[in-house]
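Every number here is computed from the coordinates shown, using simple stated rules; none is lab data. Computed from a prediction, not measured in an experiment: that's the story for all the values here. Every residue, glycine as well, gets a Cβ built from its backbone with ideal geometry; the counts of neighbours run over all protein chains shown.
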Amino acid sequence: MGLAAAGERKFGPLYARHVPIIISVSDLVWCVGAGMTLVFFNLFFIQELKFTPMQVSLLATASPFAVAAVVKVTRPFTRVLGRAQTSFALILSSALLMLIMSGKLPVFMFVAIYLLRGGLANASRPIDKAILADFTPSSQRGRWGAVEAFSSVSWSGSAFLGGVLSDKYDYRYTFFITGCISLASCLVYLPLLALVPRHEADLLAPTEGGAARGPEPTNSATDSTADSPGPESTNSTADSAADLAA
């Protein structure tokens with residue numbers, strides 16, 4: 001059976017036109033979980049692992065390099081496995097690593113997993129942005145950009161909830177909850193494995209008039225993380241470390 005055009009693909013009641021919705025909902029769920037934890041990593045490193053502010057700053061410096069390394073390693077997989085398949089593997093691995101981080105680990109192992117998990121989570125962002133661009137008519141780009149911005153704002157509320165859980169239980173309990181929410185985000189993302197063609201050459205997305213079109217250029221979104229820092233930007237880590245040192 002030949003590969004169907006993107007507009008003819010379906011997963012249960014979902015069709016290719018639902019791809020932007022699926023990506024946005026999955027991203028929103030992911031951001032809610034991430035916001036519960038990421039703003040408290042600095043406190044965890046200092047209070048639990050006894051890091052100095054300088055060590056926290058050095059860790060923040062290493063984080064972007066971890067993201068770049070993961071992007072470099074995973075780039076060939078987007079061409080072999082497919083973009084959606086690669087992104088799903090990245091976010092699933094990140095979610096599982098977050099669950100592992102909720103346990104008692106040696107310091108060096110926790111730091112290694114922390115860097116790897118952050119790299120995996122952020123490396124999926126440019127891939128999803130490229131998919132979103134291919135399945136979104138140009139007249140709707142602003143709309144979905146606004147939805148992405150809303151997902152980032154959702155951190156505020158979830159950070160408050162993460163603080164409540166950390167005070168009532170501990171940081172590792174919050175890590176566990178974040179891991180579970182991240183797995184829920186993976187379930188939301190799952191239909192994309194069937195809706196998004198493995199090869200970009202097979203992509204035919206509908207335009208506003210309903211006619212088929214090929215994928216539009218996306219400025220090599222899968223080759224660089226410069227387009228978006230992702231929902232787990234590490235810039236705040238260095239800032240918080242500086243505040244703690246003051």
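Mind giving me the FRET efficiency for Ser138 and Val25? R0 is 30 Å, r the Cβ-Cβ distance, nearest 0.05 is fine.
Values: r = 22 Å, r/R0 = 0.74.
That pair, Ser138 with Val25, gives E of 0.85.
Which far-off residues, 5 or more places away or on another chain, put their amide H under 5 Å from the one on Phe51, with H placed in the peptide plane?
Hits under the 5 Å cutoff: Ile46.
Along each of its three principal axes, how wide is the spread of alpha-carbon positions in region 10-104, in whole angstrom units, largest first?
51, 28, 22
With each label point set 7 Å from Cα along the Cα-Cβ vector, what nm distance links Gln55 and Met109?
1.8 nm
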